[in-house]
Amino acid sequence: MAAAFMAVTVGLNAQRPMSAPKGGKAISDELIGIFFEDINNSADGGLYAELVQNGSFEYSPADHDGWGAGTAWKQIRPGHSLGTLQVRMDNPLHPNNATYLRLHAERTKEYHDYKGWKGFGLQNDGFDGISVKAGAKYDFSVFLRNIGSAKQVRVVLAKPGEGWGANPIVLAETTFDVSSTSWQKYEAVLTSAEDCQNANLQILVLTVGDIDIDQVSLMPEDTYKGHGLRRDLAQALADLHPKFMRFPGGCVVHGGGDGFWNTYRWKTTIGPKEQRRQLKNTWGYHQSCGLGYFEYFQFCEDLGMEPVPILPCGVSCQGTNGGWGMWPTQAQDVVPMSEMDEWVAEAIDLIEWANGDPATNKWAKMRADAGHPAPFNLKYLGLGNEEKISPEFIERFKYIYERVMKAHPEIVIVGTAGPGSHAGNPDFEAGWKLAEELDMPILDEHYYEQNNYFLNKRQYDNYPRDRKTKVYLGEYAAKDKKLIDALAEGLYLLHVERNADVVCMTSYAPLFARKNGTQWNPDLIYYDNERPFLTCSYYVQQLFGQSSGQYYYGDCVSFEGDEPGIEQPQADVHYGQSVILNVKTRKLFVKLVNAGDQPKKANINLSRFGLKKMATKTVLAGSPDQENNFEAQPIVPQTEQLKAKKKFTLDLQPYSMVMLEYQL
């Protein structure tokens, strides 16, 4: 237990380096992270760069009413070709990928008014169209199995023709000769001839007869660090400077309201894409799991983030069986205690997959075989996601926790404070009681509130300083996306920084939302096929992510009209400050938020710090009801260089956040 607690306090420097002036309080330098959950179509059609929707034909009515194997596909027969489609599951490509289509081409003759176009087949329009760029390369792949005589199959990346009845315009194409009567993968690189925002992918059988098709993929070669994630969305996350990423949820972890049959199991997401077990998404769509645990860990490595995977611990989401609202204990499904060793193994095997030696561990060998022989150096592991803290949960959590800690005492366990992290909530109280009983390193709190909560609440000032358990604020947001909401969150984060000896990690939620595919508002980043749309809250998070450090100074800034010696305005005063020193980068950050309708004057004294000549000033400001959306002119931070001064007065305009950055 001591080893685990030491891991948490690494960022809380017990001994101040000689370069850190007196008066600072040691705080966590892992305070700002991100939380990725596949909600709002965040993975398929979002961060995961795959351009084909339902490429493995695994959509079903269980995912969404009216869906099936042919969802996102349509039958095409240019040149008046004829044929039929059949959904099959016998002798599949892999048991985890059981559904495929059989194409029966009955006639493939080319008619004069369809010159250059014939065949029977399928068309996929991706997610609201396939967006391609001129000269860009796209990796196409498909599994095909021939029935009978050999077939020719034409693959076309096409732009819709202009005018009624016009032939499509070819952007790129290739042809495969298919003779194997076993499943075989066919691959080609397609280079688009021009920009197109509404392209489609066509697969046409040119020879009469039958052929089976599965696992169709079209992946841009230009992905983030070549690892299959959409470049612009991944870059937006990199620009937040996050210190960790929590994944894969959220309610996705334990199947949401669907129960254990839909629980996310990491082991089925790490193999070849065609062998992964796909899932119903608890938010009403489908997860291909093309973005699986290997990709999550790889992305964490690419961004220098600590991975924080969250595993279920034998108790379902309380939303199962219609339990939302009253949170009745009986709504939870629970694993019999006689079967709990399977869930213990789920956690221990994950640690060994992430950190183990491929020469001696089978799970580590799977990681190496996937292309990553070096360990991922997993440090944190979350158990449970805001489950009701029922007696059944407590029994099962203890069972997993004690066994994981015995096997891997170096791992820092993140527990859960239940679905509503407010004093007086029975689950919150029970979660903290359990944490203190176990000397748990970190407890995960969640809350979504109106902006008044974040403007006025300062609860961490009153948290005990002698607790061994630190706070991870894993999900929070003001319930709108206007500038005033972002400033309320910024004011609250100043409070969190002041208490970053108690709160060691935070992450806004949810992270992403696709235009025309959003189930939850607000979200940090909205996007369509062409670009991300960054909210005001995004820019507040970015400023805090850029300004992490190991020491907090509360006595460098005072506001005119405040009483001397008060470190921070009281809860009903909507302005505040924070001064953070990063001894690793030798940078000093002064952050100020004015979320009120009147200007404020801040008196700043940085005399104890050895400032260099220049400073960077960043301002986020505007009308309180403005928001960044798909149509509006966005509010973005404005940056300027200025001479560094050790003592000065700064005017804060209403509804603004200012950050000053100094090199020491």
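What are the residues in the stretch 32-44 that are assigned to a loop (DSSP other than H, G, I, E, B) and open to solvent by less than 10 Å² (accessible area, probe 1.4 Å), if any? Those that are assigned to a loop (DSSP other than H, G, I, E, B) and open to solvent by less than 10 Å² (accessible area, probe 1.4 Å): 36, 38, 39, 40, 42, 43.
Okay, residues lined up against (1) free of Cβ contacts under 8 Å to residues at least 60 places away in the same chain; (2) more than 15 Å from residue 242 (Cα to Cα); (3) open to solvent by less than 10 Å² (accessible area, probe 1.4 Å):
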residue: 464; (1), (2), (3): yes, yes, no
residue: 479; (1), (2), (3): yes, yes, no
residue: 486; (1), (2), (3): no, yes, yes
residue: 519; (1), (2), (3): no, yes, no
residue: 533; (1), (2), (3): no, yes, no
residue: 539; (1), (2), (3): no, no, no
residue: 546; (1), (2), (3): no, no, no
residue: 551; (1), (2), (3): no, yes, yes
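Identify, please: which residue in the stretch 629-645 is polar (S, T, N, Q) and over 25 Å from the mean Cα position of the chain (by Cα) and is, among those, farthest from residue 484 (Cα to Cα)?
Restricting attention to the stretch 629-645, the residues satisfying the condition of being polar (S, T, N, Q) are 629, 633, 638-639, 641.
Narrowing the set further to residues that are over 25 Å from the mean Cα position of the chain (by Cα) leaves 633, 638-639, 641.
On the way: 633: 17, 638: 17, 639: 20, 641: 26 Å.
Out of the qualifying residues, it is 641.
The sole residue among 537, 547, 607 that is small (Gly, Ala, Ser), touching a strand residue (DSSP E or B) at 6+ places or on another chain (Cβ under 8 Å), closer than 30 Å to residue 251 by Cα and modelled with pLDDT of 95 or more is 537.
Taking the condition hydroxyl-bearing (Ser, Thr, Tyr) and farther than 24 Å from residue 534 by Cα, does residue 623 pass? Even if it seems obvious, please write down each step before you answer.
Details: hydroxyl-bearing (Ser, Thr, Tyr): yes; farther than 24 Å from residue 534 by Cα: no.
No: the conditions fail for residue 623.
Taking the stretch 403-443, which residues are under 22 Å from the mean Cα position of the chain (by Cα) and either in a strand (DSSP E or B) or free of Cβ contacts under 8 Å to residues at least 60 places away in the same chain (or both)? The answer is 412, 413, 414, 415, 416, 417, 418, 420, 421, 442, 443.
The residues on offer are 193, 188, and the sole one that is outside any strand (DSSP E or B) and touching a residue at least 12 places away in the same chain (Cβ under 8 Å) is 193. When the stretch 385-405 is examined, which residues are found to be over 16 Å from residue 341 (Cα atoms) and open to solvent by less than 50 Å² (accessible area, probe 1.4 Å)? Across the stretch 385-405, the qualifying residues are 385, 386, 387, 388, 389, 390. A Cβ distance below 7 Å, combined with a sequence gap of six or more or placement on separate chains, defines the contacts here; from the stretch 154-178, residues that are open to solvent by less than 30 Å² (accessible area, probe 1.4 Å) reach residues that are among the basic types (Lys, Arg) in the pairs 171/159; 178/151. Selection within the stretch 139-153: residues that are of a type outside the set (Val, Ile, Thr) and open to solvent by less than 10 Å² (accessible area, probe 1.4 Å). The member of this set that is nearest to the chain's Cα centre (by Cα) is 140.
Suppose we filter 263, 269, 282 for residues that are of a type in the set (Ser, Thr, Tyr) and open to solvent by 10 Å² or more (accessible area, probe 1.4 Å); which single one remains?
Matching residue, one of 263, 269, 282: 282.
Within the stretch 627-659, the residues that satisfy the criterion of being modelled with pLDDT under 95 and open to solvent by 70 Å² or more (accessible area, probe 1.4 Å) are 631, 633.
Screening residue 198 with (1) within 27 Å of residue 506 (Cα to Cα); (2) in a strand (DSSP E or B); (3) open to solvent by 40 Å² or more (accessible area, probe 1.4 Å) gives one miss only, at (1).
Rundown of residues vs (1) of a type in the set (A, V, I, L, M); (2) closer than 20 Å to residue 79 by Cβ; (3) touching a Lys or Arg at 6+ places or on another chain (Cβ under 9 Å); (4) at pLDDT 95 or above, yes/no style:
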site: 102; (1), (2), (3), (4): no, no, yes, yes
site: 129; (1), (2), (3), (4): no, no, no, yes
site: 139; (1), (2), (3), (4): no, no, no, yes
site: 142; (1), (2), (3), (4): yes, no, yes, yes
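Any residue in the stretch 444-460 that is open to solvent by 10 Å² or more (accessible area, probe 1.4 Å), closer than 28 Å to residue 655 by Cβ, assigned to a strand (DSSP E or B) and at pLDDT 95 or above? The answer is yes, given that some residue of the stretch 444-460 is open to solvent by 10 Å² or more (accessible area, probe 1.4 Å), closer than 28 Å to residue 655 by Cβ, assigned to a strand (DSSP E or B) and at pLDDT 95 or above.
Restricting to the stretch 596-622, and then to whatever is open to solvent by 50 Å² or more (accessible area, probe 1.4 Å) and not in a loop (DSSP other than H, G, I, E, B), can you tell me which residue is farthest from residue 454 (Cα to Cα)? Ranking the candidates gives 614 first.
Restricted to the stretch 58-131, the set of strands (runs of 3 or more DSSP E) holding at least 1 residues that are under 33 Å from the mean Cα position of the chain (by Cα) and surrounded by 16 or more Cβ atoms within 10 Å (Cβ to Cβ) comprises 73-76, 100-107, 120-124.
The values are calculated or read from the model by the stated rules, or taken from the named source; none is laboratory data. In this text the structure is predicted, and so the values were computed from the model without any measurement. Using ideal geometry, Cβ is built from the backbone for each residue, glycine included, and neighbour counts are taken over all protein chains shown. Quick note on the areas: whole protein, heavy atoms, side chains included, nothing else; ligands and nucleic acids left out. Shrake-Rupley method; radii C 1.70, N 1.55, O 1.52, S 1.80 Å.
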